[in-house]
């Protein structure tokens, strides 16, 4: 999720309405919930330099590959907090990303051989999916997506050679051949759309247990779209798995079945979402969150990016780590 005055105002209005709903009926803690403990900030980034971390992919050794939205960069943070730039997306002429202006790098996915894929949102023909080779080098555009779209969350189905990306302004999940080519509108519908008050819908995206899971920021929902029967992997009916997730951005599965950790951007929280859709807050601003944008889980470690997009004083974009227990649902 990227900064803009218009988007911030719309998000604030939506957050207020959802907060009132949650106050009326907050879920109780469940005994079997995995526990998130020992939060600490591993690395701080340069807000003025556009190092606002938007999305995350993990290396086998636990290093984190991050997209820096407004710096148009991909960086790697090691387990000690050391940060190096892997690639910079090319400058484009007159960029006008929808709802944001300028250009940003959003979602990221990693292949087993170390190839990285990222979404570049520009409002120009450069909008689409870009590939970064395992040994670095210049990023290469492999698929063009609509210039009026906002490709956001990104995931790779390596077995089928397909990338899936959630388009926040067009309310679409696109499928893209991983070796490059023409994108296909894999899933559409009202559940993926934004609202008149906030035209920013489908956002985070993950592949899990035979389905594409998508968050919708405007509607505060977590959605599951199963793959249809057969080998064509068409989209089945959209299922709403959780509601009331105020300004949900990206999310990750904990390894406990369908239990999810979700970044709630504007209210500076990380929520644990149970398989039945109930949820509770597990990290807050007091732990170091400032507009959290994305989440990843590696073994017993939780990673949370904060972009500090809407922080008025002393913005602190950072990467926070915490421990997660292995209790069962």
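The values are calculated or read from the model by the stated rules, or taken from the named source; none is laboratory data. Since this is a predicted model, take the numbers as computed values, not measurements. Every residue, glycine as well, gets a Cβ built from its backbone with ideal geometry; the counts of neighbours run over all protein chains shown.
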Could you tell me how many of the residues in the stretch 116-140 are touching a strand residue (DSSP E or B) at 6+ places or on another chain (Cβ under 7 Å), surrounded by fewer than 17 Cβ atoms within 10 Å (Cβ to Cβ) and touching a residue at least 12 places away in the same chain (Cβ under 8 Å)?
2
Going by what's in this entry, would residue 222 be described as closer than 16 Å to residue 262 by Cβ and buried (at least 24 other Cβ atoms within 10 Å of the Cβ)?
yes
With (1) surrounded by 22 or more Cβ atoms within 10 Å (Cβ to Cβ); (2) closer than 15 Å to residue 155 by Cβ as the list, and residue 207 as the residue in question, which single condition is left unmet?
(1)
Whichever residue in the stretch 101-112 is in a loop (DSSP other than H, G, I, E, B) and out of contact with any strand residue (DSSP E or B) (no Cβ under 7 Å at 6 or more places or on another chain) and, among such residues, is farthest from residue 43 (Cα to Cα):
101
Cβ pairs under 6 Å, 6+ apart, first in the stretch 202-224 and touching a residue at least 24 places away in the same chain (Cβ under 8 Å) and at positive phi, second outside any strand (DSSP E or B) and surrounded by fewer than 24 Cβ atoms within 10 Å (Cβ to Cβ):
220/18; 220/244; 220/246
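Please state which one of 308, 322 is in contact with a strand residue (DSSP E or B) (Cβ under 6 Å, 6 or more places away or on another chain), more than 20 Å from residue 155 (Cβ to Cβ) and either part of a strand (DSSP E or B) or touching a residue at least 60 places away in the same chain (Cβ under 8 Å) (or both).
Details: 308 fails: in contact with a strand residue (DSSP E or B) (Cβ under 6 Å, 6 or more places away or on another chain).
Exactly one residue qualifies, and that residue is 322.
From 193, 179, grab the single residue that is under 22 Å from residue 293 (Cα atoms), more than 15 Å from the chain's Cα centre (by Cα) and surrounded by fewer than 22 Cβ atoms within 10 Å (Cβ to Cβ). Steps first, answer last, please.
Numbers: 179 fails: under 22 Å from residue 293 (Cα atoms).
It is 193.
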Per the list (1) touching a helix residue (DSSP H, G or I) at 6+ places or on another chain (Cβ under 6 Å); (2) more than 30 Å from residue 79 (Cα to Cα); (3) without any contact (Cβ under 8 Å) to a residue 40 or more places away in the chain, residue check on residue 268 breaks on (2)
Do you know which residues across the stretch 72-100 are part of a strand (DSSP E or B) and touching a strand residue (DSSP E or B) at 6+ places or on another chain (Cβ under 6 Å)?
73, 74, 75, 76, 77, 83, 84, 85, 86, 87, 88
Residues of the stretch 245-272 being surrounded by 21 or more Cβ atoms within 10 Å (Cβ to Cβ) and at positive phi, which ones?
247, 268
Could you list, in sequence order, the residues of the stretch 158-175 that are in contact (Cβ under 8 Å) with a residue 60 or more places away in the chain, assigned to a strand (DSSP E or B) and more than 12 Å from residue 129 (Cβ to Cβ)?
173
Given the criteria modelled with pLDDT of 95 or more, farther than 20 Å from residue 289 by Cα, assigned to a strand (DSSP E or B) and more than 19 Å from the chain's Cα centre (by Cα), does residue 42 qualify?
no
